[in-house]
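Here is the structure we will look at.
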Amino acid sequence: MSRHAVHLAFCLLALPVLLASVGCNASQSAGAPEREFRPLFDGTTLTGWWGETTTDPRTYLKLSADEFAERRAASLDDINEHWLPQRGILVNDGHGAYLTTEQLFEDFELRLDYRTVAGADSGVYLRGIPQVQIWDTTEEGGKWDIGADRGSGGLWNNSPGAPGKDPLVLADAPFGEWNALRILMVGERVSVWLNDRLVVDHARLENYFDRERPVPRAGPIQLQTHGGEISWRNIRVREIQPEEANAILSAHGNHGFEQLFDGETFDGWQGATDNYDVSDGAITCRAGHGGTLFTERSFADFSVRFEFKLPPGGNNGLAIRYPGSGDPAYSGMCELQVLDNTHPDFALLDARQYHASAYGQAPAHRGYLREPGKWNFQQVTVVGSRITVELNGTRVLDADLAEDTDTMYPIDRFPGRTRTEGHFGFAGHNDPVAFRRIRAKDL
């Protein structure tokens, strides 16, 4: 991916402050203070913006710097024709390309105000993906048949019935009044507040352009408009650091999870305890050592959450439904890879060997790991023969191992793949990979 316009200016916040501001769930979150935000619109010019339409962001994210500059320059006449800055307000006439940030964003909080007119239809694209919906919610607007009666703020391009597609409440202000929109995006998880009312609660944003793939890790913010004049003001953003992102992800859906690791001892664990250390609240595989460290508890259907940190070239794995002996990649249901995908030593692996893949059985989507040395948040859910992995808020694996027979080796090399119960653990491969905040629940 080209990094032609990526400028990262993260705001480092202490974890206690994060947990206080994040709260127990999205509906309790008051958000960060205004001083942490910076403007995306300077009030008088279109500096930092260009024009794009509803286009798969892969189209322009793969461009070289020169190719992107050419594409951007070709869009400027259009946006200058249809977008007018006036006294701190951006006014669009309802036509033309969508205003698109030159900067690409990963995890972020966006705040803005908008004011629209009868019959208008608009939205905010997140990382180039449509969209947080804005529209005329009246019956006269003519779009009740596609959900306008439920209000703005929903992830309208999600599949019918999917969480987030319809807003939780109708929170629109009357026409002629300003609406305040707040959007929090971590991974593909999106929460939206409209006029201080929660309308989307930590829902996955589907990739409109390819629903089999997650949304991009980074992409632009776009202001979409068509069908009528719309005005925007107070457009500001803050980028979210990994530590805060992990706290946000950890705070949602945590009911029923129980601690597997007390942060100080191997109580509740067995196996290769001599090959792992406990320090600073984390379990770390000793360099040059390995073996499988696994829980005394056994699990059937379960979900597990944890944070992990990779050194450069780090390699480990998650033992899933491990019987307590043998290589978990084969004797267990699977070994889920824990791997630094970016290291040159791993450039030519099979797709089923990269991070979060069920080793040798099912490949995970790549590109969603944080750089080595940073803590990642991961959740694994196992129900029957189906296993899903959410990495840093993005679903990177969703596979039914009983149905997926396209394995790297002959299928009889994986006799444990049909196991219905077993232990959870870590399969060390000689690298100091660390794990902390390990929690699980039976399903």
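What follows draws every value from the coordinates through simple rules; no lab data is involved. All of these numbers come straight from a predicted model, not from anything done at the bench. Glycine also receives a Cβ, built like all others from the backbone with ideal geometry; neighbour counts cover every protein chain displayed.
A compact table of results
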quantity	calculated
Note, ³J(HN,Hα) from phi for the stretch 234-246, Karplus 6.51, -1.76, 1.60, rounded to Hz, x at Gly and Pro	6, 7, 9, 8, 9, 8, 9, 6, x, 4, 6, 4, 4
Placed amide H near Q361: partners under 5 Å, 5+ positions off or other chain	M408
Reachable lysines from K374, criterion Cα separation under 17 angstrom, eight or more residues apart if same chain	K309
Within straight-line cross-link reach of K62, aspartates and glutamates at Cα separation under 19 Å, skipping those fewer than 8 residues along the same chain	E52, E70, E102, E106, D210
Gain in span if fully extended, E67 to A347, counting 0.36 nm per residue against the direct Cα distance	98.1 nm
Length released on extending from A180 to W144, taking residue separation times 0.36 nm less the Cα-Cα span	10.7 nm
For the chain: rounded, prolate or oblate by the Cα gyration tensor [a/c cutoff 1.5]	prolate
For the stretch 256-442, the spread of Cα positions along each principal axis, largest first, Å	41, 36, 30
Ratio Rg/Rh [Cα only; Rh per Kirkwood] for the stretch 207-307	1.16
Exposure proxy ranking, count of Cβ atoms within 10 Å, fewest first, for E34, E239, E106	E34, E239, E106
Surface/4 estimate of mean projected area, convex hull on alpha-carbon atoms of the stretch 330-387, nm²	4.5
Relative counts (whole %) of C-alpha pair distances in the stretch 126-230, using bins that are 10 Å wide	15, 49, 31, 5
Shape box of the stretch 174-263 [Cα atoms, principal axes, largest first, Å]	56, 31, 23
